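Heads up: the structure comes next, in structure tokens.
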Amino acid sequence: SKDRPPLSETPLPMWSLIRLKDYAMTSVQYSRGCPFDCEFCDIVVMNGRVPRMKSPEQMVREFQALYDAGWRGRVFVVDDNFIGNKFHVMKMMEALVVWQKKHRYPFSFLTQVSVDLAANQDLMDAMRAANFYQVFVGIETPNAEGLEECGKKQNVKSDLTEAIKTINANGMQVMGGFIVGFDSDTDSIFDTQINFIQKTGIVVAMVGMLGALPGTRLWDRLKKDNRIKNDSSGDNLDGDSNIIPLHLGEDTLKAGYKKILKEIYSKKSYYKRINVLMKQYKPTTKQRFKANDIYAIGKTFWKIGLWSRGERKLFWKLILKTSFTKTRALPEVITAIIFGYHFHAVVKKL
């Protein structure tokens, strides 16, 4: 119809299809594509290496539609690399900051970025001003050989430990992705990964065995060498990889992978990482609490603070320390404790 406005200008009806109160966070997408070309990643296969972005005006309309639907709280910007085009994302951030101020910061954001965010102070300042509180970074491995092997050039160029500290200090907690099973890995990699994760205070560390996805450079290379066993399940916790490791035996890889998870998600190690994070982290997020947030906090104090024998002491020590030394970070500490309770339960089944 000639009278119908362009699709990009119509209100988004999708939020009316769900009960928003049933969700801990919602999601939006700003861009597709990534300028990097990691060997194991299928993003460039599906979406290309030239990022394509929505305009600032369209993003503001989407945020407004979400706001009008009644959402207040956490929003996941699901881009594979939110900062793939730094010039354009800065333009969008300018508009988002204005919108957030006008609406008294109804949203707090998390997203996925490359580690080179740490080298761009202007961009970190803009993200902090827009109320970003958490970013997921593909660290993969602290071993330079593994990074070179998979083409993770942006990580090779960075001091990963310092980059993580820098991002944390700018009000955004770093979550990390890690991989074991690179051709250059030896059986020392498992302790290396554990030590790095603990040292840097990456509380949420997603660890997986290297897998090959169809269409990636890794798939093509290993297919030629007859090292593909089957299609990847896409499940980090299925306890297997679809490739035949070069130096590590399959049993060694599986056992080492489980060792990492059991160690980093033991209660003692997990609380140690939260403490490391709190030394680096400078909370700046403006948050709004909902009724279910209060319920979740109360349940946490009841279930862990009062009834968890193996965790109760660690819980109160951390809560009291944060209350006196970094009060503003208390909501994030409680959130991390809730996540840890879940992670510990999952890993216990391995």
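The values are calculated or read from the model by the stated rules, or taken from the named source; none is laboratory data. Just so you know, these numbers come straight off a predicted model, no measurement behind them. For neighbour counting, all protein chains shown are included, and Cβ atoms are generated from backbone atoms with ideal geometry for every residue, glycine included. Surface accessibility is based on the protein's heavy atoms, side chains included, excluding ligands, DNA and RNA. Shrake-Rupley method; radii C 1.70, N 1.55, O 1.52, S 1.80 Å.
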Which pairs do you get when a residue that is under 17 Å from P35 (Cα atoms) and without any contact (Cβ under 8 Å) to a residue 24 or more places away in the chain, found in segment 73-102, comes within reach of a residue that is not small (G, A, S) and not in a helix (DSSP H, G or I), reach meaning Cβ atoms under 9 angstrom, with the pair 6+ apart or on two chains? none
Need the failing condition index for N81 against (1) assigned to a strand (DSSP E or B); (2) open to solvent by less than 50 Å² (accessible area, probe 1.4 Å), just the number. (1)
Could you name every one of the helices (runs of 4 or more DSSP H) located completely within segment 104-188 that has at least 2 residues being at pLDDT 95 or above and open to solvent by 20 Å² or more (accessible area, probe 1.4 Å)? 121-129, 144-150, 160-169
On the basis of being farther than 30 Å from L314 by Cα and either buried (at least 20 other Cβ atoms within 10 Å of the Cβ) or more than 20 Å from the chain's Cα centre (by Cα) (or both), does D235 make the cut? no
Within segment 52-68, how many residues turn out to be outside any helix (DSSP H, G or I) and open to solvent by 50 Å² or more (accessible area, probe 1.4 Å)? 3
Requiring at least 2 residues that are under 29 Å from R128 (Cβ atoms), in contact (Cβ under 8 Å) with a residue 60 or more places away in the chain and open to solvent by less than 40 Å² (accessible area, probe 1.4 Å), the helices (runs of 4 or more DSSP H) wholly within segment 249-350 are 267-280, 330-348
Number of positions in segment 233-248 that are under 26 Å from F343 (Cβ atoms) and in a loop (DSSP other than H, G, I, E, B): 9
Within the bounds of segment 37-44, is there any residue that is crowded, with 19+ Cβ neighbours inside 10 Å, within 24 Å of K165 (Cα to Cα) and touching a residue at least 12 places away in the same chain (Cβ under 8 Å)? yes
Name the single residue that is farthest from D185 (Cα to Cα) among those in segment 221-232 being open to solvent by 80 Å² or more (accessible area, probe 1.4 Å) and in a loop (DSSP other than H, G, I, E, B). D231
Would you point out the residue of segment 189-220, among those that are open to solvent by 60 Å² or more (accessible area, probe 1.4 Å) and over 21 Å from the mean Cα position of the chain (by Cα), that is nearest to E263 (Cα to Cα)? D191
So which residues in segment 59-106 are out of contact with any helix residue (DSSP H, G or I) (no Cβ under 7 Å at 6 or more places or on another chain) and aromatic (F, W, Y)? Y67, F76, F87, Y105
Residue, modelled with the lowest pLDDT, within segment 14-25, restricted to residues that are more than 24 Å from the chain's Cα centre (by Cα) and surrounded by fewer than 10 Cβ atoms within 10 Å (Cβ to Cβ): L17
Looking at the structure I just gave you, is S241 farther than 16 Å from I179 by Cβ, in contact (Cβ under 8 Å) with a residue 24 or more places away in the chain and open to solvent by less than 30 Å² (accessible area, probe 1.4 Å)? no
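Residue-wise test of (1) of a type outside the set (G, A, S); (2) part of a loop (DSSP other than H, G, I, E, B); (3) at pLDDT below 75; (4) closer than 30 Å to Q287 by Cα.
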site: S8; (1), (2), (3), (4): no, no, yes, yes
site: L12; (1), (2), (3), (4): yes, yes, yes, yes
site: S27; (1), (2), (3), (4): no, no, no, yes
site: P35; (1), (2), (3), (4): yes, yes, no, no
site: C38; (1), (2), (3), (4): yes, yes, no, no
site: C41; (1), (2), (3), (4): yes, yes, no, no
site: V45; (1), (2), (3), (4): yes, no, no, no
site: V50; (1), (2), (3), (4): yes, yes, no, no
